Amino acid sequence: MFVEELRFTITEKKPNDVFFLLESLNNLLQNSTDQLNAVTADLIDVEILQEIEAIANNGNTGVFFGKTLKDFKLIIEDEELRKHEIFIQYKCPKKLIILSANLPLSSMQNLEFGCLNEIIETFKQYVIELAKYFYELENIDQCCAIMEPQNASYKDEYRRIFLDDRTWLHIEVTPEGLGSNIHLVGQSEYWHNKLQSGLLNWDHDKNIVDNIMTIFDISEFPVPTSRVPEHLSMEADGTMVTSIVCGICLCADLPEIPGLPLPLCQNSSCGVYYHRSCLYEWLVACAGSRPPAFGVATGACPTCLQPITCSKTDS
Amino acid sequence: MAAMSPSERRLQKELMSLMKEPPPGVTVDGDQASQNLTLWTVHMEGVPGTLYEGEKFVLQFKFTNKYPFDSPEVTFIGNNIPIHPHVYSNGHICLSILTDDWSPALSVQSVCLSIVSMLSSCKEKKRPPDNSFYVKTCNKNPKKTKWWYHDDSV
């Protein structure tokens with residue numbers, strides 16, 4: 001190919017000075033080097049290919065290629081038949097890293113692995129260690145109405161549980177399966193008092209759901225009633241979804257900022273939800289764009305005009 | 001699709017719902033609005049049984065990229081500007097929710113409904129008392145006017 005092009009340059013274009021010939025030669029070489037780089041950038045070694053083949057033939061674990069040969073996805077099934085996805089990047093021979101997975105990964109990120117089987121073994125061990133974490137999350141998802149995250153998965157270490165139209169309970173589950181950072185979203189005095197006195201009696205021998213039921217003295221979890229403002233909204237891809245939207249931006253989730261609309265207005269006859277960031281921006285704008293004292297903006301609810309407060313970040 | 005700004009996203013959603021379920025007597029020019037989301041033309045019919053029965057009006061909405069934190073600029077345009085104590089002959093409307101009392105919870109739909117109700121509650125067709133002076137001296141943008149809200153009865 002290269003020789004052919006060189007011959008073409010010399011015979012057809014008939015260069016009449018040596019500089020032109022050199023320049024053509026240089027261009028050709030440059031193009032060839034670029035092509036070579038482009039091809040080798042997507043190459044992986046034979047060892048890993050054989051390993052992939054072996055894993056694929058074994059049948060217990062699924063192996064898939066991503067956009068390039070250097071991106072893999074493993075699907076590992078655990079003993080409870082949960083499917084776990086792991087995204088892996090091939091850095092160079094005997095050097096693999098985990099990009100992401102459907103689990104909290106703090107202990108595994110930035111680790112380098114020599115081969116895929118090493119990842120699979122490490123991951124399986126990790127899944128066994130997370131047994132209590134899975135149990136608690138599954139129990140919460142089964143018993144409670146989850147307001148956030150939408151489509152909660154094992155990757156999400158927190159849940160926001162519906163208590164009433166203006167109050168949710170935020171709880172995080174540690175990899176050991178313990179509840180942490182438990183607090184209310186919303187300012188209900190009723191739930192707040194129960195939570196304050198009940199947290200002291202947390203029983204670590206009982207599961208999280210039982211503990212929450214004891215704290216709030218409930219026999220079953222409340223479910224959202226139709227009073228929650230649900231709106232039919234059109235997604236970017238044209239599908240219609242029913243979700244709680246923010247009274248200011250009319251969206252459910254924002255691409256730039258994580259978090260769903262919250263029951264921030266405490267007026268029982270209002271019940272419109274807002275993104276914390278949207279309401280904060282409005283209240284600060286109303287106050288002449290001065291940043292509020294202690295990071296808490298105050299003003300009137302845009303919908304019902306009752307007094308409302310909003311901090312910039314979640315407490 | 002290119003990434004939309006928050007104001008475009010909200011306008012897009014409002015346009016969809018206004019085209020799908022318009023309030024009685026109100027129609028939005030959907031083609032024009034989807035071409036340019038910051039400039040809408042809304043057609044409005046006088047409500048039967050009121051002084052404006054059978055009349056047709058055209059409203060223009062202009063939005064900035066700060067919408068809905070910034071209120072829309074709303075004026076009557078075209079040949080038929082309603083004769084009303086709060087509507088100047090250049091199309092400017094004296095309505096508190098369009099300036100001081102604007103809230104991001106309001107929408108094109110709620111502004112249209114407010115204007116329909118403002119027209120419908122009118123008892124006598126007349127221009128504002130300061131009409132000729134105002135029209136001569138005002139800024140092109142009604143939001144630049146320091147409105148003195150005369151009364152709440154109409």
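Tabulated data
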quantity: When residues of segment B:99-120 are limited to those that are in contact (Cβ under 8 Å) with a residue 40 or more places away in the chain and among the hydroxyl-bearing types (Ser, Thr, Tyr), the one nearest to A:Cys249 (Cα to Cα); calculated: B:Ser107
quantity: Residue pairs meeting the criteria (Cβ under 7 Å; at least 6 apart or on separate chains; first within 15 Å of B:Phe69 (Cα to Cα), in segment A:289-308; second of a type outside the set (Ser, Thr, Tyr) and part of a strand (DSSP E or B)); calculated: A:Gly299/A:Ile308; A:Ala300/A:Pro307; A:Ala300/A:Ile308; A:Cys301/A:Ile308
quantity: Any chance A:Cys304 is within 13 Å of another protein chain (Cβ to nearest Cβ) and in contact with a strand residue (DSSP E or B) (Cβ under 9 Å, 6 or more places away or on another chain); calculated: no
quantity: Residue count, segment A:188-217 (criterion: assigned to a helix (DSSP H, G or I) and modelled with pLDDT of 85 or more); calculated: 19
quantity: Residue list for segment A:249-284, restricted to those being within 11 Å of chain B (Cβ to nearest Cβ), aliphatic (A, V, I, L, M) and buried (at least 18 other Cβ atoms within 10 Å of the Cβ); calculated: A:Leu250, A:Ala252, A:Val272, A:Leu279, A:Leu283, A:Val284
quantity: Residue identified as within 13 Å of chain A (Cβ to nearest Cβ), touching a Phe, Trp or Tyr at 6+ places or on another chain (Cβ under 7 Å) and in contact (Cβ under 8 Å) with a residue 12 or more places away in the chain among B:Phe76, B:Phe61, B:Phe69, B:Phe57; calculated: B:Phe69
quantity: Output for segment A:143-196, where each listed residue is out of contact with any His (no Cβ under 9 Å at 6 or more places or on another chain), polar (S, T, N, Q) and under 27 Å from A:Leu105 (Cα atoms); calculated: A:Gln150, A:Asn151, A:Ser153, A:Thr174, A:Ser180
quantity: B:Val116 vs. criteria more than 14 Å from chain A (Cβ to nearest Cβ) and within 12 Å of the chain's Cα centre (by Cα); calculated: yes
quantity: Unmet criterion (only one of (1) more than 15 Å from the chain's Cα centre (by Cα); (2) within 14 Å of another protein chain (Cβ to nearest Cβ)) for B:Asp31; calculated: (2)
quantity: Residue under evaluation B:Ile81, criteria (1) surrounded by 18 or more Cβ atoms within 10 Å (Cβ to Cβ); (2) within 12 Å of chain A (Cβ to nearest Cβ), criterion not met; calculated: (2)
quantity: Residue satisfying all of: in segment A:285-297; assigned to a helix (DSSP H, G or I) and within 20 Å of A:Gln187 (Cα to Cα); nearest to the other protein chains (Cβ to nearest Cβ) among these; calculated: A:Gly295
quantity: Residue that is farthest from A:Glu121 (Cα to Cα), among those in segment A:76-90 that are aliphatic (A, V, I, L, M) and either buried (at least 16 other Cβ atoms within 10 Å of the Cβ) or within 18 Å of the chain's Cα centre (by Cα) (or both); calculated: A:Ile88
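Here is a yes/no grid of residues against (1) crowded, with 18+ Cβ neighbours inside 10 Å; (2) over 11 Å from A:Phe221 (Cβ atoms):
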{"position": "A:Leu130", "(1), (2)": "yes, yes"}
{"position": "A:Tyr133", "(1), (2)": "yes, yes"}
{"position": "A:Asn139", "(1), (2)": "no, yes"}
{"position": "A:Cys143", "(1), (2)": "no, no"}
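Let's see how each residue does on (1) exposed (fewer than 15 other Cβ atoms within 10 Å of the Cβ); (2) outside the structural domain of A:Val63 (by TED's automatic domain parsing); (3) small (Gly, Ala, Ser):
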position	(1), (2), (3)
A:Ile120	no, no, no
A:Glu148	no, yes, no
A:Ser153	yes, yes, yes
A:His170	no, yes, no
A:Val173	no, yes, no
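The values are calculated or read from the model by the stated rules, or taken from the named source; none is laboratory data. Remember, it's a predicted structure, so these values are computed and weren't measured experimentally. Ideal geometry is used to build each Cβ from the backbone, glycine not excepted, and the neighbour counts take in all protein chains shown.
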